[in-house]
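Comments concern the structure below.
The values are calculated or read from the model by the stated rules, or taken from the named source; none is laboratory data. On a predicted model such as this, the values are computed, not experimentally measured, just so you know. Because the Cβ atoms are built from the backbone with ideal geometry, glycine has one as well, and the counts that use them run over all protein chains shown. Note: areas computed on protein heavy atoms with side chains; ligands, DNA, RNA excluded. Shrake-Rupley method; radii C 1.70, N 1.55, O 1.52, S 1.80 Å.
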Amino acid sequence: MLNFIEELKWRGMLHQSMPGVEEVLSAGKCVGYIGFDPTAPSLTIGNYVQLMLLSMFQRAGHQPIVLMGGATGRIGDPSGKDKERELKSYEELDANLAFQVEQMKKFLNFETGDNRALLVNNYDFYKDMNVLDFLRNVGKTLTVNYMQSKDSVKKRINVEEGGEGMSFTEFSYQLLQGYDFQCLYDRYNCIIQMGGSDQWGNITSGTEFIRRNVGGKAYAITTPLLTKYDGTKFGKSEQGNIWLDPKMTSPYRFYQFWINSADADLPKYFRYFSMKSREEIEALEAEYAGNPNQLKKILAEELTRRIHSDEDFESAFEVTSIVFAKGDRSMLEKIRPAQFEEIAESIGIRLSRQILSEGVGIVQLLAAEGAQVFSSNSEARKAIINNAVSLNKSKVNNHELMVTAADLIHDRYMFIENGKTKKIVLDFS
RNA sequence: GGGAGUGUACCAGAGUGGCCAAAUGGGGCAGACUGUAACUCUGCUGGGAAACCUUCGGUGGUUCGAAUCCAUCCGCUCCCA
């Protein structure tokens, strides 16, 4: 069985922890939780780090609780945000929450064992509470002074340093999160809260709640904020966030995200995301020390298989090998129609055949509504003039080129590349 | 309630009557080099083939001409009460 803290340490996933956690954890089964606010209809690859944490916690024999922020999501966590946030509608939040819960089920064991994961919604803690109860039972716990001393609050309040101010609503967020912890402590004997390092302040508010209101002892553990080697935010690609929902980020794009990651980030990513053991990971790193691309492939494969499926990986892998192969139009012609269909499924965009009937300018085609390759004619033209665009594996060097049905592969597809990594199949079905 | 500021493109931020589609930096995209990496260098970064059109919080004015002046409204911040 895993030693939870040891595991976190060698993976570089331990940022801060309260003294005494190690002893408590090694003394036997503990209950711990991580909160997730339903701010989006899918979890992101960033949330996945927290799921890994819960998963390791579970594999170490402890019991994880997923706390869904039905209530806290309605408020908005100010941590790590330099601006007040737009509130989301209740409908949207409820829908998001349902989607995210579905995704969770894939990564934690909610079904069997005496340490099976529990799912709790903090809306249940508040739905029957009125304002006076809140002020007397929750608000009374912490002083404003204490709450103000938290980093996330200080940054926003200190105007000399560019703080933008903060509404009372967001200021109260830490009260909710603190009270959450207390409720879980009461109901499930939950004594550990985990989270990203930006959550430290909120988590320690929770341990204060438990100490003051029920005289208990609870602990905090945080992971370092995962960043890219250049210090920028992890988990965004050119096209935006990397979601776990295949409808929002296709398995192909998910696979490509890892293949495209920087060499310098790889060791860190491997330790954060791979379920492989320490021995396996260290062996792989030694074996492929001079070949980071191979390591990227191994990690990309593992994650695509786990987060999506074996079939999704096979498909993403195959599409990648075809689409990135060197060659010319004749090579595209050799691809079987059935296989082309699979490629189109990953990176295809459907267009009406009609626009080809009389021939269409390459610029107009690529900027066409629905083609989504470029957002305007001039953008498309500039890209072509910059030598960035290929049609059926050959560079387009004339922005007035007319495209006709003769340019179709298998009388149906066109293969467009913008730059080296952006590949699109136009599907004139 | 009183007072002082402030609002410019993805972000930061200059511009204070024409030379402004708007400096500069960051970010983004692309090209060269490579390995679908990084570094470096180069180009592009509102729309339009162009004439020209739309943009500097909103509206309405002044003017031959407004991001720039005036009025008014809205948002944000700070100080006093």
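Based solely on its DSSP helices, what 222 nm [θ] is calculated for chain A when runs of n ≥ 4 H residues each add -39,500 (n - 2.57) and the sum is averaged over all residues, nearest 500 deg cm²/dmol? Dividing the helical sum by the residues of chain A leaves -12500 deg cm²/dmol. So which residue, out of A:Ile210, A:Ile355, A:Ile75, gets the largest mean-square fluctuation from a GNM of chain A using Cα contacts under 10 Å as springs? Result for chain A, Cα springs under 10 Å: A:Ile355 fluctuates most. Over the range A:4-223, accessible surface divided per residue gives 45 Å², non-protein components excluded, 1.4 Å probe. Residues A:Trp200, A:Trp10 ordered from highest to lowest accessible area at a 1.4 Å probe: A:Trp200, A:Trp10. Is the range A:4-223 rounded, prolate or oblate when judged by the Cα gyration tensor, a ≥ b ≥ c being the square roots of its eigenvalues, rounded requiring a/c under 1.5 and prolate requiring a/b larger than b/c? Since a/c stays below 1.5, the shape of the range A:4-223 is classed as rounded. Working note: Karplus 6.51/-1.76/1.60 with θ = phi - 60° gives the range A:87-95 the couplings 6, 9, 6, 4, 4, 4, 4, 5, 5 Hz, where Gly and Pro are set to x. Tell me whether the range A:330-429 comes out rounded, prolate or oblate; compute the Cα gyration tensor, take square roots of the eigenvalues as a ≥ b ≥ c, and use a/c under 1.5 as the rounded threshold. Since a/c reaches 1.5 and a/b is larger than b/c, the shape of the range A:330-429 is classed as prolate. Would you mind classifying the range A:255-368 by shape? Square roots of the alpha carbon gyration tensor eigenvalues, ordered a ≥ b ≥ c; an a/c under 1.5 is rounded, otherwise it is prolate if a/b is larger than b/c and oblate if not. Note, shape of the range A:255-368 comes out prolate. Below 12 angstrom from the Cβ of A:Leu25, what's the summed charge of the other residues (Lys, Arg +1; Asp, Glu -1)? Computed value for this residue: -3.
By a 1.4 Å probe calculation restricted to protein chains, A:Leu119 has an accessible surface near 80 Å², given to the nearest 10. Taking 17 Å as the cut-off, the amide N atoms of the range A:239-280 that come nearer than this to a point 7 Å along the Cα-to-beta-carbon line of A:Ser309 belong to A:244-255. Computed from backbone phi, the HN-Hα couplings of the range A:55-68 come to 5, 5, 4, 5, 5, 7, x, 8, 10, x, 10, 9, 9, 7 Hz, rounded to whole numbers (Karplus: 6.51 cos²θ - 1.76 cosθ + 1.60, θ = phi - 60°; Gly and Pro given as x). Label sites at A:Lys422 and A:Asp94, each approximated as a point 7 angstrom past Cα along Cα to Cβ, lie 3.9 nm apart.
Amide hydrogen proximity for A:Asn121: with H placed 1.01 Å from N in the peptide plane, the residues at 5 or more positions away or on another chain lying under 5 Å are A:Met68. P(r) tail, the range A:6-84: Cα-Cα pairs separated by more than 20 Å, 42% of all pairs.
Taking the Cα centre of the range A:1-74 as reference, the dipole from Cβ charges on Lys and Arg (+1) and Asp and Glu (-1) amounts to some 160 debye. Within the same chain, lysines fewer than 8 places from A:Lys105 are excluded, and of the rest, those with a Cα less than 22 Å from its Cα are A:Lys29, A:Lys247, A:Lys276.
Rounded to the nearest Hz, the phi-derived 3J(HN,Hα) couplings of the range A:10-15 under the Karplus curve 6.51 cos²θ - 1.76 cosθ + 1.60 (θ = phi - 60°) are 6, 7, x, 9, 9, 9, where x marks glycine and proline.
A:Ile385 contributes an accessible area of around 110 Å² to the protein surface, as traced by a 1.4 Å probe with all chains present. Normalised by the number of residues in chain A, the average gap of Cα pairs under 8 Å and 6 or more apart makes the relative contact order 14 percent. Here the gap between A:Thr169 and A:His15, fully extended at 0.36 nm per residue and compared with their Cα-Cα distance, gives a gain of 52.6 nm. Sparsely packed loop sites in the range A:11-93 (the GluC sites (Glu not before Pro) outside DSSP H, G, I, E and B with at most 16 other Cβ atoms within 10 Å) comprise A:Glu84, A:Glu86. Derived value for the range A:222-312: Kirkwood hydrodynamic radius 13.8 Å. Basis is the mean of 1/r over every pair of different alpha-carbon atoms. For chain A, the extents of the C-alpha atoms along the principal axes are 78, 48, 41 Å, listed from largest to smallest.
Here each label is just a point 7 Å from Cα along the line to Cβ, and for A:Ile5 and A:Ala286 those points are 2.9 nm apart. Label zone (A:Glu345, point 7 Å along Cα-to-C-beta; backbone nitrogen cut-off 18 Å) within the range A:412-429: A:413, A:424-429.
Taking all protein chains as they are arranged and a probe of 1.4 Å, the heavy atoms of A:Arg381 leave approximately 80 Å² accessible to solvent. Other residues lying with their Cβ under 14 Å from the Cβ of A:Phe107 contribute a combined charge of +2, Lys and Arg counting +1, Asp and Glu -1.
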